[in-house]
Amino acid sequence: MKRILVTGAGGQIGSWLVPRLREIYGEASVLASDVRTLGFDFVEAGPFQVLDATDAKAVGQAVMRHEADAIYHLAAILSAIGERDPRLAWHVNMTSLESVLEVAREQGCAVFTPSSIGVFGPESPKDPTPQDTVMRPRTVYGITKVAGELLCDYYHRRYGVDTRGVRYPGLISYGAPPGGGTTDWAVDIFSKAVESGRYTCFLAEGTRLDMMYMPDAVRAAIEIMEADPGRLRHRNAFNLTAMQLAPEALAAEIRRHVPHFVLDYDVDPIRQSIADSWPDRIDDSAAREEWGWAHEFDVSAMTADMLAHLR
Ligand code: NAD
Ligand code: AKB
């Protein structure tokens, strides 16, 4: 895999993934794209084009011109924004994925599509949540992710497209802000700890969710695409986790660095009900067995690194 198109490249994941892909495969080999124009730094760092991933013709032309053999498809609407505008979430998430898969089928590209812990719902076992289990999500975001996983597997089985994916937990990073999800609190808490020493959380005390630090998430995206296909029993998509965090537990870790840090709560019922429907702890042993996945950052290493960078 040497020439790559990234859709949704300006978001929380893309702003970390694109520079890493360029380090590995070469600056000119990675075409970053997004539906919106991005900042000067991003656009100057390597090939970039404005591209609406729901426009299959435009995606096809971008792949052809760039001679891409792999697509990292990151364009999507996340869970909280999806509940505000379900039709937009369905349109962007499903139409863009269908465009990317069709172009991949026609032009012989491999495809990475991130799924999410949002594929699970209240009927799924919560702790641990197995790789293969009941998936009846209650959010439109989760519904698009389940449908997306099935469509990716269909394109693999029916047309031989090399589709692979992971079910990311909530991702924590500095730099580009999170895009409107239920796990955004675990990013915002760090910037507020540094700015004002205080954070008001929109999820209630005790709401435990799977999380991961972005350097691990980026490495996972690259490692699964480089994995030996002969070892993969699953493809779309692998459970993935690094740590399980409730707001008070992360606040306690932050207090080791910012002793006066204050956490209070103003619960948002919509995001709380989404979080309550998601797992407490997913089982990622399939990823560990089939492609050697191992996270590096635990909560204390991540917290120290986040705060050092934000300061
Ligand atoms: P984000 O919201 O930060 O970024 C998404 C990007 O897609 C934005 O830059 C946006 O401008 C772009 N976009 C929106 N509509 C588009 C369109 N029609 N065409 C092209 N670009 C478009 O999201 P993210 O956090 O970077 O997530 C990327 C993927 O990873 C998504 O599929 C998301 O569901 C998945 N994921 C993210 C997390 C997380 O915690 N960040 C967790 C699980 C799964
Ligand atoms: C969200 O909260 O929507 C995302 C996710 C876990 O999919 N961060």
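The values are calculated or read from the model by the stated rules, or taken from the named source; none is laboratory data. What you are looking at is a predicted structure, and each value in this text was computed from that prediction instead of being measured. As a convention, Cβ positions derive from the backbone with ideal geometry for all residues, glycine included, and neighbour counts pool all protein chains shown. Calculation scope for accessible area: heavy atoms of the full protein, side chains included, ligands and nucleic acids excluded. Shrake-Rupley method; radii C 1.70, N 1.55, O 1.52, S 1.80 Å.
Every residue in the stretch 11-66 that is open to solvent by less than 40 Å² (accessible area, probe 1.4 Å), within 16 Å of ligand 2 (Cβ to nearest atom) and of a type outside the set (Val, Ile, Thr), please.
Scanning the stretch 11-66 gives Gly11, Gln12, Gly14, Ser15, Leu17.
Considering only residues that are open to solvent by less than 10 Å² (accessible area, probe 1.4 Å) and within 8 Å of ligand 2 (Cβ to nearest atom), which ones fall in the stretch 170-180?
Result: Gly170, single match.
Taking the stretch 72-90, which residues are more than 9 Å from ligand 2 (Cβ to nearest atom) and over 11 Å from Gly8 (Cβ atoms)?
Hits for the stretch 72-90 are Glu83, Arg84, Asp85, Pro86, Arg87, Leu88, Ala89, Trp90.
Can you list residue pairs whose Cβ atoms sit under 9 Å apart, with the first residue in the stretch 249-273 being over 20 Å from Ser300 (Cβ atoms) and of a type in the set (D, E, K, R) and the second being part of a strand (DSSP E or B) and open to solvent by less than 40 Å² (accessible area, probe 1.4 Å)? Count only pairs 6 or more apart in sequence or on different chains.
Close Cβ pairs satisfying both conditions: Asp264/Tyr199; Asp264/Cys201; Asp266/Cys201.
Looking at the stretch 189-214, which of the residues that are in a helix (DSSP H, G or I) and buried (at least 17 other Cβ atoms within 10 Å of the Cβ) is nearest to ligand 1 (Cβ to nearest atom)?
Within the stretch 189-214, the subset in a helix (DSSP H, G or I) is 189-195, 214.
Restricting the remaining residues to those that are buried (at least 17 other Cβ atoms within 10 Å of the Cβ) gives 189-190, 192-194, 214.
Values: Ile189: 14, Phe190: 14, Lys192: 18, Ala193: 19, Val194: 20, Met214: 8 Å.
Per the criteria, the residue is Met214.
Has the stretch 236-248 got any residue that is part of a helix (DSSP H, G or I) and either surrounded by 14 or more Cβ atoms within 10 Å (Cβ to Cβ) or of a type outside the set (S, T, N, Q) (or both)?
yes
Looking only at the stretch 257-280, filter to residues that are surrounded by fewer than 18 Cβ atoms within 10 Å (Cβ to Cβ) and within 14 Å of Ile117 (Cα to Cα); which one of those is farthest from the chain's Cα centre (by Cα)?
By that ranking, first place goes to Asp276.
Pairs please, first residue from the stretch 103-125 and hydroxyl-bearing (Ser, Thr, Tyr), second anywhere and at pLDDT 95 or above and assigned to a helix (DSSP H, G or I), Cβ atoms under 7 Å, 6+ apart in sequence or on different chains.
Matching pairs, first to second residue: Thr113/Leu97; Thr113/Gly148; Thr113/Cys152; Ser115/Lys145; Ser115/Gly148; Ser115/Glu149; Ser116/Lys145.
Among the residues of the stretch 249-280, write down those that are in a loop (DSSP other than H, G, I, E, B) and either aromatic (Phe, Trp, Tyr) or in contact with a Cys (Cβ under 9 Å, 6 or more places away or on another chain) (or both).
Phe261, Asp266, Val267, Trp278 - these are the residues of the stretch 249-280 that are in a loop (DSSP other than H, G, I, E, B) and either aromatic (Phe, Trp, Tyr) or in contact with a Cys (Cβ under 9 Å, 6 or more places away or on another chain) (or both).
I want to confirm something. Restricting to the stretch 11-38 and keeping residues that are within 16 Å of ligand 1 (Cβ to nearest atom) and of a type in the set (Ser, Thr, Tyr), which single residue is nearest to the chain's Cα centre (by Cα)?
Here the residue is Ser15.
In the stretch 1-10, what residues are assigned to a loop (DSSP other than H, G, I, E, B) and either within 13 Å of ligand 1 (Cβ to nearest atom) or crowded, with 16+ Cβ neighbours inside 10 Å (or both)?
Matches in the stretch 1-10: Met1, Arg3, Gly8, Ala9, Gly10.
Does Asp228 qualify as being open to solvent by less than 50 Å² (accessible area, probe 1.4 Å) and of a type in the set (Asp, Glu)?
no
Are there any pairs with C-beta distances below 6 angstrom linking a residue in the stretch 289-305 that is over 22 Å from Phe238 (Cα atoms) to a residue that is surrounded by 12 or more Cβ atoms within 10 Å (Cβ to Cβ) and among the hydroxyl-bearing types (Ser, Thr, Tyr), with the two at least 6 apart or on different chains, and if so which?
Met302/Tyr213
Residues being part of a loop (DSSP other than H, G, I, E, B) and either not assigned by TED's automatic domain parsing to the domain that holds Glu195 or not aromatic (Phe, Trp, Tyr) (or both): count how many of those fall in the stretch 281-311.
9
Test Thr183 against the criterion of being in a loop (DSSP other than H, G, I, E, B), crowded, with 24+ Cβ neighbours inside 10 Å, within 13 Å of ligand 1 (Cβ to nearest atom) and modelled with pLDDT of 95 or more, and give yes or no.
Against the criterion (in a loop (DSSP other than H, G, I, E, B), crowded, with 24+ Cβ neighbours inside 10 Å, within 13 Å of ligand 1 (Cβ to nearest atom) and modelled with pLDDT of 95 or more), Thr183 qualifies.
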